[in-house]
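The values are calculated or read from the model by the stated rules, or taken from the named source; none is laboratory data. Just so it is clear, the model here is predicted, and its values are computed rather than measured. Here Cβ is always computed from backbone atoms with ideal geometry, including for glycine, and neighbour counts include all displayed protein chains. We work out accessible area using only protein heavy atoms, side chains counted, and drop any ligands, DNA or RNA first. Shrake-Rupley method; radii C 1.70, N 1.55, O 1.52, S 1.80 Å.
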Amino acid sequence: MEQTLSIIKPDAVERNLVENIKNIFIKNNLNIKESKKIHISKEEASEFYKVHQSKSFYNDLCAYLSSGPIVVMILEGDNAIAANRKLMGATNPKDAEENTIRKLYGISIDKNSVHGSDSIDNAKKEIEFFFKD
Ligand code: CMP
């Protein structure tokens, strides 16, 4: 059984899409082991996304993730990391496949509704970041 971190971003929380997105995970055999709604600071967002610190979009990305409430979850299931990434679709909603979360709900490459860990190492780090206790 693998675990991954999922974030429902401010654009989706604001539009009341949390239950719709959670239902997609549940229907696709990803168990939501933990879930909490939080509002992080820009400093916390900068720490979370520090892998992107050299990118031109880093500042806007951190400002955005801290702009409103988010829902962070631990998803669990067979190949949970890859399964979640398939359900999310491409980073840019314009490029995402039909029926993926970002195609259904994403607004733009910034407001793309969800984040998911991209590797076993990052899943461990990202879960630890939000669920330390
Ligand atoms: P996410 O999966 O949360 O990881 C980093 C985020 O940076 C990504 O989703 C996008 O929302 C955001 N982002 C903004 N611009 C870009 C870009 N040009 N390439 C990749 N990610 C970008």
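Couple of notes before you dig in:
- On the stretch given as the stretch 86-110, residues that are in contact with an Asp or Glu (Cβ under 6 Å, 6 or more places away or on another chain) and surrounded by fewer than 17 Cβ atoms within 10 Å (Cβ to Cβ) total 1.
- Scan of the stretch 37-75 for residues that are charged (D, E, K, R) and touching a residue at least 60 places away in the same chain (Cβ under 8 Å), ordered by number: GLU47
- Scanning the stretch 23-36 for residues that are within 20 Å of ARG102 (Cα to Cα) and in contact (Cβ under 8 Å) with a residue 40 or more places away in the chain returns ILE24, PHE25, ASN28, ASN29, LEU30, ASN31, ILE32.
- Set ASP95, ASP121, ASP133: member being out of contact with any Lys or Arg (no Cβ under 8 Å at 6 or more places or on another chain), at pLDDT below 95 and farther than 15 Å from ILE8 by Cβ: ASP133
- So GLY77, is it modelled with pLDDT of 95 or more and farther than 23 Å from PHE129 by Cβ: no
- Subset of the stretch 1-46 (residues that are more than 15 Å from ALA123 (Cα to Cα), of a type in the set (D, E, K, R) and open to solvent by 40 Å² or more (accessible area, probe 1.4 Å)): GLU14, ARG15, GLU19, LYS27, LYS36, LYS37, LYS42, GLU43, GLU44
- For the stretch 65-85, the count of residues that are open to solvent by less than 30 Å² (accessible area, probe 1.4 Å), of a type outside the set (A, V, I, L, M, F, W, C) and farther than 24 Å from ILE26 by Cα is nonzero.
This table checks each residue for (1) more than 16 Å from the ligand (Cβ to nearest atom); (2) in contact with a Leu (Cβ under 9 Å, 6 or more places away or on another chain).
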{"residue": "ASN23", "(1), (2)": "yes, no"}
{"residue": "LYS27", "(1), (2)": "yes, no"}
{"residue": "LYS55", "(1), (2)": "no, yes"}
{"residue": "ASP60", "(1), (2)": "no, no"}
{"residue": "ALA63", "(1), (2)": "no, no"}
{"residue": "MET73", "(1), (2)": "no, yes"}
{"residue": "ARG85", "(1), (2)": "no, no"}
{"residue": "LYS103", "(1), (2)": "no, no"}
